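J.: Please read through the structure below; I'll follow up with questions.
The values are calculated or read from the model by the stated rules, or taken from the named source; none is laboratory data. Note that this is a predicted model, so its numbers are computed, not measured. Glycine also receives a Cβ, built like all others from the backbone with ideal geometry; neighbour counts cover every protein chain displayed. Accessible surface is based on the protein model in full, side chains and every heavy atom, while ligands, DNA and RNA are left aside. Shrake-Rupley method; radii C 1.70, N 1.55, O 1.52, S 1.80 Å.
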Amino acid sequence: MKDILALFQLARREKKLLILSFICSAFVAFFTYAFVNLVQPIMDKLFQLSPGQAGPQKARFLDSVFRALSINETHLVRLLPLLVLVVIFGKGLFTFLSSYFMKGVGHRVVKRLRDDLFTHLVYQSNSFFDRMPTGDLMARLTNDVDKIHQAISGSMADFIEELFILFALLVGVFVIDVRLAVVSFVITPLAVIPLALFSRQLKKRSLVGQRKMSEIYGLLHEAITGSMIIKAFTSEEFEIKKFLRATASYFRTNMKLAWIGSLSSPFMEFIGGVVGAFILYVGTRRITQGAISPGDFGAFVMALFMMYTPINRLNRANNVIQQAVACHHRVQEVLTSAPQIQDAPAAYPLPSIQGRVTFDRVSFCYNESRPTIVDISFEVGRNETAAFVGLSGAGKTTIINLISRFYEPTSGTIMIDGIDVREVTLGSLRSQLGLVTQETILFNDTVRNNVAYGLGDVPFERIVKAAQAAQAQEFISALPQGYDTPIGERGGLLSSGQRQRLAIARALLKNPPILILDEATSALDTESERLIQIALANVMKGRTTLVIAHRISTIRNADRIFVVDCGRIAESGTHEELYGLNGIYRKLYDLQFPEGEEAIP
Ligand code: ATP
């Protein structure tokens with residue numbers, strides 16, 4: 001019951017529809033009750049061998065209705081078929097309405113849940129995505145939400161309606177004969193114990209099933225996004241084996257679920273049969289004792305048989321609801337994990353900045369076992385270009401990610417124009433920073449919308465100007481629909497050099513006072529490389545730029561170069577100064593230009 005209440009909590013904002021659906025369910029139960037009551041006069045009329053033979057004197061619901069409507073016995077016989085029709089029609093109508101309203105509740109709840117989940121994800125910090133595999137998140141947003149939908153739209157409606165019907169039928173049997181009803185229900189608790197056991201097992205197994213499904217989604221996601229690498233390393237067999245292992249494990253869990261799920265119905269049915277046989281025995285004795293008429297017993301048995309459907313459907317609905325509750329827990333896990341990095345309570349908008357960036361004794365670690373950045377201090381003045389070089393994994397990307405507050409330093413302070421970045425709102429900070437990442441991130445949209453991403457309505461001329469400065473105009477004009485050409489998922493329809501130039505155009509259009517540039521590592525042909533160098537020179541002009549350079553040629557003219565080594569700044573200075581130091585920078589330089597292609601000026 002607690003589980004169903006949890007689902008009701010989800011639906012509480014749809015109070016009106018829920019109440020309407022409940023009212024309709026109550027009408028369905030009423031018509032079911034009326035139907036059972038019609039059985040008695042029909043059967044007694046059929047089995048009344050000698051006319052006028054009196055049955056047991058009982059106060060019956062329909063008798064009072066007929067009396068009120070002045071319907072006598074003769075009329076009644078003619079009216080009975082019509083009454084049966086009216087009752088069946090009424091039941092059908094309200095079943096339709098209650099189901100329709102409840103489906104409406106389900107769709108609304110699920111839409112809101114999806115929207116909440118997405119909104120929550122968009123605001124999540126990077127560390128959340130580091131620890132949550134994409135496939136797992138996708139499973140929670142699709143598979144789990146679907147299961148909740150099934151439960152609310154279908155099973156919850158069934159659950160309520162069948163509970164009402166069961167209640168009406170129970171009232172019916174008690175009205176017919178209390179003693180027979182009591183005897184019948186003394187043995188019914190037998191049915192409740194296995195139902196509880198089945199539920200517990202189902203819930204446990206379906207949680208395991210959901211987890212395994214997430215793993216499958218994860219593998220799928222990796223196989224799709226990494227298809228090129230899989231081919232390049234001819235690791236298809238390895239990936240397939242991994243996938244087969246995951247599906248086999250999911251299959252085993254599903255078979256256990258199927259075993260429990262399939263057993264529960266016939267088992268419950270068998271228990272129903274035992275109860276039925278016992279009642280038949282007691283009922284026939286009650287007729288011979290003259291306590292009830294054959295029509296009463298017929299109606300009693302009919303009501304009992306009719307209870308089978310609600311009990312069975314309650315059981316089935318319960319199975320779906322148990323699975324949905326497990327899914328609800330997983331969805332809640334996402335919804336309740338607050339973004340690690342949020343605006344401070346007293347955060348204020350960062351005023352228009354000049355572009356001075358200061359790191360004061362900043363340290364950071366992704367996990368406690370190993371520090372990534374250790375005690376870094378430096379300052380980059382307004383309109384200066386600072387470059388970070390170092391071996392792969394030294395911590396360059398981590399340093400620049402701290403400026404945008406993608407991660408929070410474990411100690412020390414980062415300031416812009418002397419203002420601690422933790423004191424200002426995230427939105428105002430990030431809106432003044434431009435970011436060109438190592439891996440170009442584009443969306444499945446047109447060229448125009450990708451360049452103007454996040455900037456709202458931008459005049460077309462400005463987009464073209466930015467594209468021109470980013471050396472992208474030529475290839476965009478050659479596209480089939482120019483600026484309106486869709487570029488595919490992650491810009492897959494463009495070359496990597498073209499994607500980079502689009503990303504640079506985007507940064508140019510945003511025109512931020514501070515630009516953060518993580519130079520792409522992928523090797524490009526000489527022409528692309530030349531175009532990108534021109535584009536970068538354009539985008540760096542007139543603003544503070546922090547650039548991670550993988551090619552030293554890019555940053556020869558930087559105002560200051562920081563050499564990052566094992567999370568620390570090992571050397572800093574201009575190109576000439578560092579070259580003269582004969583330290584790490586010199587080694588890096590010599591590695592890139594072993595034959596001295598780049599003559600020192
Ligand atoms: P590259 O030049 O290859 O891009 P980098 O100097 O930019 O390297 P970082 O990406 O800053 O290096 O990584 C520094 C260290 O932090 C590496 O050892 C890396 O394994 C680790 N690291 C990076 N990102 C994460 C993360 N999200 N979670 C845990 N560890 C991380």
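J.: Out of residues 5 or more away from Ile514 or on other chains, whose amide H comes under 5 Å of its own, with H placed 1.01 Å from N in the peptide plane?
T.: When sequence neighbours closer than 5 places are left aside, the close amide H contacts are Gly434.
J.: On to the next question. Taking 20 Å as the cut-off for C-alpha to C-alpha distance, list the pairs among Lys204/Lys256; Lys147/Lys241; Lys147/Lys242 that go past it. Write down the numbers at each step before the final one.
T.: Numbers: Lys204/Lys256 11 Å; Lys147/Lys241 28 Å; Lys147/Lys242 26 Å.
In this structure, Lys147/Lys241; Lys147/Lys242 exceed 20 Å between Cα atoms.
J.: Would you mind working out the accessible area per residue for the chain, using a 1.4 Å probe, and quoting it in Å²? Present the calculation step by step, with values, prior to reporting the outcome.
T.: Details: 31260 Å² over 601 residues.
Solvent-accessible surface per residue comes out at 52 Å².
J.: Just to confirm the number: angle between the C-alpha axis of helix 73-122 and the first principal axis of the chain, 0 to 90 degrees, nearest 10?
T.: Result, in degrees: 10.
J.: What's the angle, to the nearest 10 degrees (0 to 90), between helix 236-288's Cα axis and the longest principal axis of the chain?
T.: 20 degrees
J.: Once you sort the root eigenvalues of the Cα gyration tensor of region 290-404 as a ≥ b ≥ c, which label holds: rounded (a/c under 1.5), prolate (a/b larger than b/c) or oblate (the other case)?
T.: Details: a/c = 6.53, a/b = 4.01, b/c = 1.63.
Here region 290-404 falls in the prolate category.
J.: With θ set to phi - 60° and the Karplus curve 6.51 cos²θ - 1.76 cosθ + 1.60, what are the ³J(HN,Hα) couplings of region 529-538 in order, to the nearest whole Hz, using x for Gly and Pro?
T.: Working through the residues one at a time gives 4, 5, 4, 5, 4, 5, 4, 5, 4, 5 Hz.
J.: What is the chain's relative contact order, in percent, from Cα pairs under 8 angstrom and six or more apart in sequence?
T.: On the way: 842 pairs, mean separation 89.7, N = 601.
After rounding, I find 15 percent.
J.: Further question: Semi-axes of the equivalent ellipsoid of the chain: what are they in whole Å, largest first, if each equals the square root of 5 times a C-alpha gyration tensor eigenvalue?
T.: Working: eigenvalues 1127, 121, 93 Å².
That gives 75, 25, 22 Å for the three semi-axes.
J.: Which length gain, in nm to one decimal place, applies between Ala232 and Asn444 when the Cα-Cα distance is subtracted from 0.36 nm times their residue separation?
T.: Numbers: separation 212, 0.36 × 212 = 76.32 nm, distance 2.56 nm.
Roughly 73.8 nm would be gained on extension.
J.: Within straight cross-link reach of Lys510, meaning Cα distance under 17 Å, which lysines are found once same-chain residues fewer than 8 apart are removed?
T.: Straight-distance partners of Lys510: Lys465, Lys541.
J.: Modelled label-to-label distance, Met255 and Thr142, 7 Å Cα→beta-carbon offset: nm?
T.: 2.6 nm
J.: How high is the FRET efficiency between Arg551 and Thr247 when r is their beta carbon distance and R₀ equals 60 Å, given to the nearest 0.05?
T.: Details: r = 44 Å, r/R0 = 0.74.
It comes to 0.85.
J.: Which order do Arg252, Arg67 take when ranked by solvent-accessible area (1.4 Å probe, heavy atoms of all protein chains), largest first?
T.: Details: Arg252 135, Arg67 170 Å².
Sorted by accessible area, descending: Arg67, Arg252.
J.: Using each residue's phi in region 139-144, evaluate 6.51 cos²θ - 1.76 cosθ + 1.60 at θ = phi - 60° and report the 3J(HN,Hα) Karplus result to the nearest Hz, with x for Gly and Pro.
T.: 4, 5, 6, 10, 4, 5
J.: Under a 5 Å amide H to amide H cut-off, with H placed in plane at 1.01 Å, what residues pair with Ile561 once short-range neighbours are removed?
T.: Ala387, Gly573, Thr574
J.: So what is the calculated 222 nm ellipticity per residue for the chain, using -39500 (n - 2.57) for each DSSP H run with n of 4 or more, over all residues, to the nearest 500 deg cm²/dmol? Let's see the in-between values first.
T.: On the way: 22 runs with 366 residues, N = 601.
So the calculated ellipticity at 222 nm is -20500 deg cm²/dmol.
J.: Can you list the HN-Hα couplings for region 349-355, worked out from phi with the Karplus curve (6.51, -1.76, 1.60; θ = phi - 60°), rounded to whole Hz and with x for Gly and Pro?
T.: x, 5, x, 3, 9, 7, x
J.: Another one. At most 16 other Cβ atoms within 10 Å and a DSSP loop assignment: could you name the trypsin sites (Lys or Arg not before Pro) in region 365-419 that fit? Let's see the in-between values first.
T.: Working: sites: Arg382, Lys396, Arg405; in loops: Arg382, Arg405.
Filter output for region 365-419: Arg382.
J.: Would you work out what percent of the accessible area of region 188-283, with all protein chains in place, is carbon or sulfur (probe 1.4 Å)? The partial results should precede the final answer.
T.: Details: 4530 of 6210 Å².
Ligands and nucleic acids excluded, carbon and sulfur give 73 percent.
J.: If one takes the longest principal axis of the Cα atoms in the chain, at what angle in degrees, from 0 to 90 and to the nearest 10, does the Cα axis of helix 294-335 lie?
T.: The two axes meet at around 10 degrees.
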